[in-house]
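Only one structure is covered here, and it is reproduced in the block below.
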Amino acid sequence: MTWKNTHDRWGPVSQLLHWLIVLLILGQGTVGLLMTEMRNSPDKIEVYALHKSIGLTLLALVVLRLLWRLYAGSPLAVDSMPRWQARIASLTHGLLYALLLALPLTGWLLNSAAGFPLQWFGLFNLPDIAATDHDLHELAEDAHGLLFWTLVAVALVHAGAAIHHHLFLRDATLARMLPAGWLRVDPGTPRTEETRDAA
């Protein structure tokens, strides 16, 4: 078994990082939406601290995944995918990476501008990346929220496209991001735009 990506599949390291990031984003988004509705209390402070720690973890994992992708390469587009779809998929991946980097960084920025300490699960402190500034905090907070909802929209499009490829085009786009054998790919002729028109 190879740990690196091959020309037709994502390797186990890429798969692990992908799904770990997905799970953390789902949890992080849920916590982020709920914590703003909490009353001021020690529990709210703990939840905010957890949100920040998970955000820092996501930032590190995304950087690690980018570095691994540079080292291990990435699979080629499936044979049945038109060039324009492959280009859109590539642009979508780039946008997802940009959002996944910008979101925790704006969170770090708004925390610094608010003058709050930043710790990683209570183990060590991280430095401020900006001086205390109310206007900067408000701007970063707005950007943080906008980036979150943009990430939600792009991720839904990304997931929807993968499901569409599996259910309707019957190719390996989704299956190759899962361990071998977890998802069956119909070996029949993929339903491309041309075959659907002819049907």
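Counting only other residues whose beta carbon sits under 15 Å from that of Phe116, what net charge do I get with K and R as +1, D and E as -1?
Charge balance near Phe116 sits at -3.
Note down the relative contact order for region 12-198 as a percent, whole number, built from C-alpha pairs under 8 angstrom at least six residues apart.
20
Between His164 and Leu76, what FRET efficiency comes out of the Förster formula 1/(1 + (r/R0)^6) with R0 = 25 Å and r the beta carbon distance, rounded to 0.05?
Rounded to the nearest 0.05, the efficiency is 0.80.
Report, in degrees rounded to the nearest 10, the 0 to 90 angle that the Cα long axis of helix 42-72 makes with the longest principal axis of the chain.
40
What residue among Ala153, Ala140, Leu33 has its Cα farthest toward the positive end of the dipole of the chain, where the charges are +1 on Lys, Arg and -1 on Asp, Glu, each on the Cβ?
Positive-end residue among those listed: Ala153.
From the list (i) 170; (ii) 152; (iii) 135, can you say which value of volume of the Cα convex hull per residue in Å³ was derived from the structure given?
From the options (i) 170; (ii) 152; (iii) 135, the structure gives (ii).
Coordinate-derived values only; no laboratory data. What you are looking at is a predicted structure, and each value in this text was computed from that prediction instead of being measured. Counting neighbours? That spans all protein chains shown, and the Cβs are built from the backbone with ideal geometry, glycine included.
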